[in-house]
Amino acid sequence: MKELKKKRLKQLALWTMAWLLTVMLTKYGATHMWEGNTLISLFAILLNLGAGLGMILINRKLVNESDELEKKIQLEAMGITLGLTLIVGLTISLLDYTHLIDFHTEISTLITFMGLTYLASMIFNNMKYR
Amino acid sequence: MKNKLKVLRAERNLTQEELADIIGVSRQTINAIEKEKFDPSLPTAFRMSKLFNLPIEEIFTFDEPQN
């Protein structure tokens, strides 16, 4: 079980790395390497999408192969992340809509927020059940 | 839910890690069950019952929450 978990974590790390690299490649490549070539950009985006799907499938396997407590911890962390992202995202959107704030949030802000919320929830839940 | 897992494990000289390997869960799960922070699933409870050769209700006691 431990060996399988290690294997899955390694696979997840590799797929995540591949996904991040293809994000970087697509963004950097479109402006510095193949400027204006739509076909290459489309190929890079498809590559990124493929890596993203691979990452999701491995993560799904990892969760399905986890034991009951690990699943509970994951579920709570994902629930908190989803809930907070929805609420905070909508609050920021409303603040922007009503002109109470004068800055526009990027998608990267949302991803960073989700990542940090998930990380904090995982740490908190793991400490709770330690 | 209260349980006698720690006592039963100690009687058989098993570490949390060893018990976790036999039952097929993580050491963290065994620890959380022993500290009564987490209730095991029915399959896990049955595996424990089989391992300790005791009925489930002798390992786990259900405490009705008081209103």
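The values are calculated or read from the model by the stated rules, or taken from the named source; none is laboratory data. Since this is a predicted model, take the numbers as computed values, not measurements. Cβ sites come from the backbone with ideal geometry, for glycine too, and all protein chains shown count toward neighbours.
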Check every one of the helices (runs of 4 or more DSSP H) wholly within chain B and list those with 3 or more residues that are at pLDDT 95 or above, within 14 Å of chain A (Cβ to nearest Cβ) and surrounded by 13 or more Cβ atoms within 10 Å (Cβ to Cβ). B:16-23, B:27-34, B:42-52
Considering each of A:L86, A:L69 in turn, give the residue that is surrounded by 15 or more Cβ atoms within 10 Å (Cβ to Cβ), out of contact with any Asp or Glu (no Cβ under 8 Å at 6 or more places or on another chain) and within 22 Å of A:F124 (Cα to Cα). A:L69
Checking A:I40 against (1) in a helix (DSSP H, G or I); (2) under 21 Å from the mean Cα position of the chain (by Cα), which test does it fail? (2)
Index of the failed condition, B:E18 passing every other in (1) under 15 Å from A:K2 (Cα atoms); (2) of a type outside the set (V, I, T); (3) in contact (Cβ under 8 Å) with a residue 40 or more places away in the chain: (3)
Conditions: (1) in contact (Cβ under 8 Å) with a residue 12 or more places away in the chain; (2) in a helix (DSSP H, G or I). A:S66 meets all but one. Number of the miss? (2)
Looking only at segment A:102-130, which residues are more than 14 Å from chain B (Cβ to nearest Cβ), over 21 Å from A:L20 (Cα atoms) and surrounded by fewer than 14 Cβ atoms within 10 Å (Cβ to Cβ)? A:D102, A:F103, A:H104
